[in-house]
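Okay, structure first, notes after.
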Amino acid sequence: MIKTFNIIPVDPFLKKVILESGDKQARQTAVKGAMTAWRMQKYFAHLVQTIESLVDGRISDIWGAVYKKDDYAEAHDHRECKEAFVYFVDVCQDCAPLVVDGNEIIPENGKLVVFSGLVEHSVPPQTCEHDRIVIAGNINEMVS
């Protein structure tokens, strides 16, 4: 099951942090674009709280990604977690969609997409000139 939420407006601080962080993963993950460090909770604290208030779990990892023209994400899953999510920070109507279990999700600023960690997802090559900036992460069970 795919769940979507609209969290509007997007905090411009999120984009600033992602762009200033730069590429920490050197395209060595499924994301063939610029990625921040894996655990950006302290930088995205307000967003973490907002997402955790909407889901049944805790965010264990959260990172930013910038897709420039021709960047993409290979098909992959997040089996190690209960759910995964993508939050659209700065996108345009022509940016590449998120494909979750064969379903194309059109990016919109402020949209949060949550799906099972077992589900395969990808991003086709970014064809427009606009940077596609997102925050993604993993959600695990709540610990009592």
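Counting DSSP beta bridges in the chain, what percent are antiparallel, to the nearest 5?
95 percent
Taking only DSSP H segments of four or more residues, each worth -39500 (n - 2.57), what value at 222 nm results for the chain once the sum is divided by all its residues, to the nearest 500 deg cm²/dmol?
After summing the helix terms and dividing by the residues of the chain, the value is -4000 deg cm²/dmol.
Sort the chain into rounded, prolate or oblate with this rule: let a ≥ b ≥ c be the square roots of the eigenvalues of the Cα gyration tensor; rounded if a/c is under 1.5, and if a/c is not under 1.5, prolate when a/b is larger than b/c, oblate otherwise. If you can, show how the numbers build up before the last one.
Values: a/c = 1.37, a/b = 1.21, b/c = 1.13.
It comes out rounded by the Cα gyration axes.
Fully extended, how many nm does the chain gain between residue 37 and residue 118 (0.36 nm per residue separation, minus their Cα-Cα distance)?
26.9 nm
Using a Gaussian network for the chain with springs between C-alpha atoms less than 10 Å apart, which of these wobbles most: 45, 75, 34?
45
Using the Cα centre of the chain as the reference point, and only Cβ charges (+1 on K/R, -1 on D/E), how large is the resulting charge dipole? Debye, rounded to the nearest 20. Numbers along the way, then the final one.
Values: 15 positive and 21 negative charges, 77 e Å.
The dipole of the chain has a size of about 380 debye.
Where a number appears in this text, it was derived from the coordinates with a stated rule and is not lab data. Since the model is a prediction, treat every value here as computed from it, not as a measurement. Cβ sites come from the backbone with ideal geometry, for glycine too, and all protein chains shown count toward neighbours.
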